[in-house]
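Notes to accompany the following structure.
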Amino acid sequence: MRAFVFNLLPGKPKELEVKEENRDRLSVRSAVLPLAAALVWLGLIVFNGLVVEKVKLNWQQAVVNKENKIEVQYLPVRIKHGELVSKTNLLIDVIQKDIKPEVVFVLTETLFPQTEAGIQIKGYGREDDGAFSVSLSTASYNQFAQVIRRFSNYEGIKDVRSLGVTFDSKLNEVSGSVHFFFKFENLNT
Amino acid sequence: MEKDIESIIVSDIEKTRTQKTEKVDFNEVMTEARFHFLPLLSIAFFAVILFTAVIPNVQKIFNTIDEIDVLKEKDKGLNSRITKLEELRDQNAQMQEIIDKINFIVPTGNSEVVKFRERIAGSANANALGLESSKSSETLKIISELESGNFGIIEIPSEFNIRGIFLGFRNFLNSLYQGKDFFIVNQMGLNGIKSLTQDEWAGEINLVKYQFFADEGFDPAEVYANISENEVPNPDVINFLQSRFITYEESL
C-alpha cells in the first residue's frame, strides 16, 4: 500500500530556519560547558584525594612519629636536662654566697704583710648578709683612718665601712671593725 | 522661526519613536527564553557546578596546601628539637656527673645533714680545735623554689662553738672547703681571747648546709620533662661545680 504524505502547512520562514540552526548549534556548544565543569570537578576530587591529601597525611604521620619519638625515646634525656636546668637555677643564689673564709685571712696578710707597731687584729667575722669584717685596734684615730684607707684602696673588696670605732683610755688604743664585701666575680677569675 | 518649530517637532517625533523601540516586550523575552531553553539550561547547570563544586574544591585544595605548610613548619621545629636532644644525649655522661655532684652536695635526705655535722666535728678535732658545742637550727628557710612551687631548696643552719689556736681555725676552715661538702659560712665570729703570745681564739661559726625539698605532689618526670631543651643550665653554677668539685676530684 502506498502512503502519500502531504505537508499542507506553509513552510517555515527562512529567517526562522536560520535562527533555529543557530540555536541548535549554540545548544550543542553550551552543553560542553557543564560537561567540562563536571570533568574539572572530578579532576579536582581525584587530585585532592590522591595527591594533596596523601601529601598531607604523609606530613601528619611524620609529625606524629617525631612527636612520639620526642615523648618516648628522648624522655630520659629531657628529664635529665630538666633536672640539671632546674637544680642549677635553684643553686645560683646559693653559690653567690660561697666565699671561702680563707680569703679574709689572705686579705689581712696582703694589707698588713708585716707586724706594724700599734696595729693589732683582734678578730674576724662574717655576717649573714655576706659581709666580712676585721676587728682591730690601732694606737690612734689617725692610724685607724690609714687602716680604713688601705681597705678602701684594695680592689678585690667593695662597700668598705667602719663600725664601732672607740677610744679605750685604759689600754690607750682605738678599736673598731672594718666591714666590707668581697667581689664575687674577682674571686672566681 | 518656523524652521525652529519644525525642528523641535521632528526631534520630538524621533524621541517618541526611540522610546517605543526601547520598551521591552516581556512576552517576546519569554518566547526567546523558551526558544533558547536548552543552551540557557546548560549555562545554568555550568554555573551551579562551578560555584557549588569546582570553586569549593579549589578552595579545599588551597586550604590543604596551607595545612601542609603548617605541618612542614611543625616538622622543621621538631627536627631542630630532635637535633638538640641528640646533642643533649651525647652530653649524657657529663650531665649525669654534674647532677650526681649536685645531688651529693645538696642532698635530699636529713641523714646527710647529720653526717655533715659529724664530719665538721671530726675536722675540728683533727685540727686541734675543741668543739665546745654544736646545734642545728629548728627553722628551715626556703631559699628558692621552682615556678611549680613544689620543689625548691632550703637552708639548714648548724652552729658550732670552737676554741683553739688561730692556725688551727685556718686549717679547719680550709679543710672544710677542700672536702666534698658544700656549705656556706653564713656567720662567723672569730676573736682572740687571750694575748697574742698565748694565741687562743674562740669561734662561733654558723654553717649552712642546703637541701632540696619536694612536696608530696612533686612528679620529677613531669616537672623536668616540661623544661624546654633550649634552656641552658646556669653557666655560673656549672663553672662553680666543675672548678670546685669535679675538677678537684679528677685531680685527686
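The values are calculated or read from the model by the stated rules, or taken from the named source; none is laboratory data. Everything quoted here is computed from the prediction, not taken from an experiment. Quick reminder, even Gly has a Cβ in these numbers, built from the backbone with ideal geometry, and neighbours come from all protein chains shown.
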Considering each residue of region B:157-171, count those that are closer than 18 Å to B:Glu118 by Cβ, at pLDDT 90 or above and either in a helix (DSSP H, G or I) or within 36 Å of the chain's Cα centre (by Cα) (or both), and give that number. 0
Matching residues in region B:150-204 (over 18 Å from A:Ser133 (Cα atoms) and either among the basic types (Lys, Arg) or not assigned by TED's automatic domain parsing to the domain that holds B:Ile102 (or both)) number 3
Could you look through region A:86-108, keep only residues that are aliphatic (A, V, I, L, M), out of contact with any helix residue (DSSP H, G or I) (no Cβ under 8 Å at 6 or more places or on another chain) and facing chain B (nearest Cβ under 7 Å), and pick out the one that is nearest to B:Phe182 (Cα to Cα)? A:Val94
For B:Lys23, only one of the following conditions fails: (1) of a type in the set (Lys, Arg); (2) modelled with pLDDT of 95 or more; (3) surrounded by fewer than 15 Cβ atoms within 10 Å (Cβ to Cβ). What is its number? (2)
Among residues of region B:181-218, those that are modelled with pLDDT of 85 or more, among the β-branched types (Val, Ile, Thr) and not in a strand (DSSP E or B), counted: 0
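Residue by residue, here is whether (1) under 37 Å from the mean Cα position of the chain (by Cα); (2) more than 7 Å from chain A (Cβ to nearest Cβ); (3) not in a helix (DSSP H, G or I) holds:
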{"site": "B:Val58", "(1), (2), (3)": "no, no, no"}
{"site": "B:Gly77", "(1), (2), (3)": "yes, yes, no"}
{"site": "B:Leu88", "(1), (2), (3)": "yes, no, no"}
{"site": "B:Ile99", "(1), (2), (3)": "yes, no, no"}
Picked from region A:42-69 (must be among the basic types (Lys, Arg) and farther than 11 Å from B:Thr64 by Cα), the residue surrounded by the fewest Cβ atoms within 10 Å (Cβ to Cβ) is A:Lys69
Taking the conditions exactly as written (within 11 Å of chain A (Cβ to nearest Cβ), part of a loop (DSSP other than H, G, I, E, B) and either among the acidic types (Asp, Glu) or surrounded by fewer than 16 Cβ atoms within 10 Å (Cβ to Cβ) (or both)), does B:Glu222 satisfy them or not? no
Note on A:Glu109: of the conditions (1) farther than 15 Å from A:Ser162 by Cβ; (2) part of a strand (DSSP E or B), unmet is (2)
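Yes or no, residue by residue, for (1) touching a Gly at 6+ places or on another chain (Cβ under 9 Å); (2) more than 7 Å from chain A (Cβ to nearest Cβ):
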residue	(1), (2)
B:Ile143	yes, no
B:Leu146	yes, no
B:Ile153	no, no
B:Pro157	no, yes
B:Ile165	no, yes
B:Phe169	yes, yes
B:Lys180	no, yes
Which is surrounded by 18 or more Cβ atoms within 10 Å (Cβ to Cβ) and under 25 Å from B:Trp201 (Cα atoms), of A:Val103, A:Val178, A:Val85, A:Val165? A:Val178
What are the pairs with Cβ atoms under 9 angstrom where one residue, in region B:62-78, is over 13 Å from A:Ala62 (Cα atoms) and the other, located anywhere, is basic (Lys, Arg) and part of a helix (DSSP H, G or I)? Sequence gap at least six, or different chains. B:Thr64/A:Lys56; B:Ile65/A:Lys56; B:Glu67/A:Lys56
Log entry, pairs with first residue in region B:152-174 being within 30 Å of B:Asp219 (Cα to Cα), second being acidic (Asp, Glu) and in a strand (DSSP E or B), beta carbons closer than 7 Å, six or more apart or on different chains, reads B:Gly152/B:Glu145
Do we have any residue at all in region A:91-101 that's touching a residue at least 40 places away in the same chain (Cβ under 8 Å) and of a type in the set (A, V, I, L, M, F, W, C)? yes
Among (1) modelled with pLDDT under 90; (2) surrounded by 14 or more Cβ atoms within 10 Å (Cβ to Cβ); (3) under 30 Å from B:Gly77 (Cα atoms); (4) touching a helix residue (DSSP H, G or I) at 6+ places or on another chain (Cβ under 7 Å), which single condition is B:Pro233 missing? (1)
